[in-house]
Amino acid sequence: MRSLWKKVRCIIGEATMLLICCIFLLPFYYLVVNTFKNQQEASSAPMALPATVSFENYIKAFDSMDFFRSFGNSLLITAVSVTVIVLFGAMAAYPIARRKHKVYKGILLYFLLGYMVPAQTIMVPLYLTLQKMHLLNNIWGLVVIYSSWCNFSLFLYQGFFGSVPEELEESARIDGCGPWKSFWLITFPLLQPVTATIVIFEVMWIWNDFLYPYLFLSSNKSFTLVMQVYKGVGQFSNDWGMMMATMVIVLIPVLVFYLFMQKNIVAGITSGSVKG
Amino acid sequence: MKFRWKKEVPYLLFLFPAFIAYTALIMWPLLQAFGLPFTDWKGYTMEGLNYVGLKNYIKILGDKEMVYAIKNTIIYAVFNPMLVTVLAVPLAVILNSKMKTKNFQRAAFFFPSVPSALILGYLWSYIMSPLDYGVLNRFVTALGFEPILWLAHPKVALLSVILVSVWNVLGWHACIYIAQLQGIPEDLFEAARIDGATAMQMFFRITLPLLRPAMATSVMLLLINALKIFDLPFALTGGGPGYSTTMLSQVIIQRGFVDKMYGRSMAAAILFCIFVVAVTVIQRKAARED
C-alpha cells in the first residue's frame, strides 16, 4: 500500500514537472506557430495551431535578410575569433604556468588587471582605435576586438596546466625538442578538455553577441544574423508574422548547435564554473 | 633570481601575441577611458586638449537619465540574482532526482539560455504586447483580471524585464547547482534518513550548506551579468517607458554613440567600471569568508 502511494506520488510529481517544462517552452511554441499564420489569424487565435500552413512569412523573411551572407559573416567572425582566442590564450598560459621567474607572475597580474573591466567601459576609445585602423563596419574589426579578450581563456588554461604532467615536456627537452615544438606536439593536445570548454563558451558569446556588431557594423553586407533581427524589427515592425519567421530562421543554427553540443555545454559549465 | 634573457626569449615569444592584442585593444583604450574624461576632448584630435577637471563627471551625475539608470540597474542587479537563486536551487534538486524524463527536463529548462538575449527580448515584447497577439494578457483576462500594461506602464516595465531575465538564465544556473549536487555522496542523505530526518531538514541542513561553492560562483556570474545588462531591456522596452527600464550600459551608449558627448559617456563608463569592480571584489570577499 505504502509503496503504491509512493509510486503514484512519483508519477504526479513527474507529470507536474513536465507540465512546468511545457509552460517554460511556451514562448517558443508561440513563436513558431505564428510564423505559419497570416496577420489576421495570428491576432484572433495566437495560441491555436494554424488552420492552413502557409510559408509566406518565411519566404518574405528570407528574401529581405540576405541569409547566406549574414550566416557566413557570423560563421567567419565566430570561427576566426574563437581560434585566435584559443591559440593566444594557450600560448600565453604556457610560460606563465611553467616558468618560475617572477617576471611571469607580474605578467599574469597585468593580464588580471583587465579581467574585470566590462566591455562597456572601453567602447568609445575602442571605436576610435578601430576608426584609425580603418576597421569600422568591417567583420575583421570585430574579429580583432573579440580576439583581444583572450585573457579569459588564458586564466582557464593557466589553471589547468597544474594537472598536465611536466615530465613529458621534460623528457622531450632531453630528446632535443625546443619549447615551441614540445608545446604544440605534447602540451597543447593534453589541454583538450579546457579547449572544449573555452570553444563552447566563446562560440555562444560571439555568435549571440549584439553589443559589438550594433556599435561597429553599419551596413547590411557586414551584418551578422543577430543584427538581421535588429534590422528587421526596425524596418518591418508591423509585419510581426514576418519578424517571427526571421527570428526562427536565425534561431535554427543555434538550435542545431545546442542539439549537437548539449552534453559538452553542460560539461563546460560544470568544469568551467564550479572549479573556477 | 636573475632573468636570463637568452633562455627566456623563446618563452616570452609565447606571450607576445596575447600581450599585443590585450594591450592594444583593452589596456590602451582603458587608459584613454580613464584620462580623456578629464579633458575637453571632442572625439577628433588629441592635440590641444584642455584639462577640465571633474566637469564631465559632475555633468553625468546630474544627468537625469543617468540617475534613473543607476537606480534601475541596482534594482535589477538585486532582484535578478535573488530570484534566479531562489528558483534555481530547488529546481536543481528536483532535476537531480531519479526521474525518467530528467534529461529532457534539463534540456528544456536550459534551452532559453542558448539563443541571443536580443531575440528573446523581441519575442517577449510580442508576448507582452497590449495588442491582440499579446498572449500574456489574454491569459490574464481569461483568469478574470484586468489586462496589464506589461511593458508600457512605468511601474511594471522593470518587473517585466526582471521576469523575462529570470526565465532566460534560470536553466543555466540550475545547471551549475546540478553539477555540485552530483558531487554530494548519497550516503549522507542515507544516514540522515535513518536518523529520521525529513526531506525539508535534509534540504536545509545538508544540501544547502554543501551548495555554498556553487552558489558563490552562480551569484557572482549573475551579479556581473546583471550590472552589464544591455540586450534584453534594449529589445524588450528600449529603456522606456520614459526612463523606467534604462540601464547603465544604455546610457553610456546613448551619450557616446548617439549624442556624441564623448566626455560624459566615458565618465559614465568609468563610474560603471569602478562600480562593477567594487561589487565583484566585495562579493568575492563575502563568498570567501562564508
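Read-outs throughout are calculated quantities, based only on the coordinates presented, and are distinct from any laboratory measurement. In this text the structure is predicted, and so the values were computed from the model without any measurement. Neighbour counts run over all protein chains shown; Cβ positions are idealised from the backbone, glycine included.
Quick look at the values:
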read-out	value
Zone residues, the stretch B:214-241, relative to B:A152, backbone N less than 17 Å from point 7 Å out along Cα-to-Cβ	B:236-241
Gaussian network model of chain B, springs between alpha carbon atoms under 10 Å - residue of B:W167, B:W28, B:W41 with greatest fluctuation	B:W28
The stretch B:79-126 and the stretch B:11-29: distance between their alpha carbon centers, rounded to Å	38
Net charge, A:V254 excluded, C-beta distance under 15 Å - Lys, Arg +1, Asp, Glu -1	-3
Cα-based shape type of chain B, given that a ≥ b ≥ c are square roots of the gyration tensor eigenvalues and the cut on a/c is 1.5	oblate
Average partner coverage of A:144-153, which counts Cβ from other chains inside 10 Å	4
Packing rank of B:227-233, A:53-59, where each peptide gets the mean count of other beta carbons within 10 Å, highest leading	B:227-233, A:53-59
Nonlocal amide H pairs with B:T39, under 5 Å, H built at 1.01 Å	B:V52
Cα radius of gyration and Dmax for the stretch A:69-116 (Å)	15.2, 49
Full-stretch length increase - B:K260, B:R138 - with 0.36 nm per residue and alpha-carbon distance subtracted	39.7 nm
Separation of the A:N137 and A:F236 label points, Cα + 7 Å toward Cβ, nm	2.4
The stretch A:137-187 - Rg (one decimal) and Dmax (whole number), Cα, Å	16.0, 50
Cα long-axis angle, helix A:56-65 against chain A (0 to 90 degrees, to the nearest 10)	40
Computed [θ] at 222 nm, deg cm²/dmol, the protein assembly as shown (DSSP H ≥ 4; -39,500 (n - 2.57); rounded to nearest 500)	-22000 deg cm²/dmol
Label zone at A:S171, where the point sits 7 Å out along the Cα-to-Cβ direction: the stretch A:90-128 residues whose backbone N lies under 11 Å	none
Residue with peak Gaussian network fluctuation, chain B [Cα springs, cutoff 10 Å], from B:L143, B:L118, B:L181	B:L143
Burial order of peptide ranges A:202-211, B:51-60, B:149-158, A:142-151 (average beta-carbon count within 10 Å, highest first)	A:142-151, A:202-211, B:149-158, B:51-60
FRET efficiency for B:K98 and A:Q192, using Cβ-Cβ distance with R0 set to 45 Å, rounded to 0.05	0.90
Sequence of A:T16, B:T23 once ranked by neighbouring C-beta atoms within 10 Å, starting from the fewest	A:T16, B:T23
Around A:D239: net Lys/Arg minus Asp/Glu count, Cβ-Cβ under 13 Å	0
Positive-end residue, the protein assembly as shown charge dipole about Cα centroid, Cβ charges, pick of A:L26, B:V86, A:A15	B:V86
Where only C-alpha atoms are counted, convex hull volume of chain A per residue in Å³	208
Helix axis angle, A:151-160 relative to chain A longest principal axis, alpha carbon, degrees	60
R0 of 56 Å, Cβ-Cβ distance B:L159-A:K181: FRET efficiency to nearest 0.05	0.45
R0 of 56 Å, Cβ-Cβ distance A:T52-B:D40: FRET efficiency to nearest 0.05	0.30
Burial ordering of B:W124, A:W140, fewest other beta-carbon atoms within 10 Å first	A:W140, B:W124
Peptide A:207-214 - average C-beta neighbours from other chains (10 Å radius)	5
Compactness index (Cα Rg / 2.2 N^0.38 Å), the stretch B:218-257	1.22
Net +/- balance of residues flanking B:R193 in space, Cβ distance below 11 Å, scoring K and R +1, D and E -1	-4
Inter-probe distance in nm under a simple model that places probes 7 Å from Cα toward Cβ, at B:I194 and A:S43	6.9
Relative counts (whole %) of C-alpha pair distances in the protein assembly as shown, using bins that are 20 Å wide	18, 51, 28, 3, 0
Test item: A:110-117 mean partner chain Cβ contacts at 10 Å	5
Per-residue ³J(HN,Hα) for the stretch B:183-190, Karplus 6.51 cos²θ - 1.76 cosθ + 1.60, θ = phi - 60°, Hz, x for Gly and Pro	x, 7, x, 4, 5, 4, 5, 4
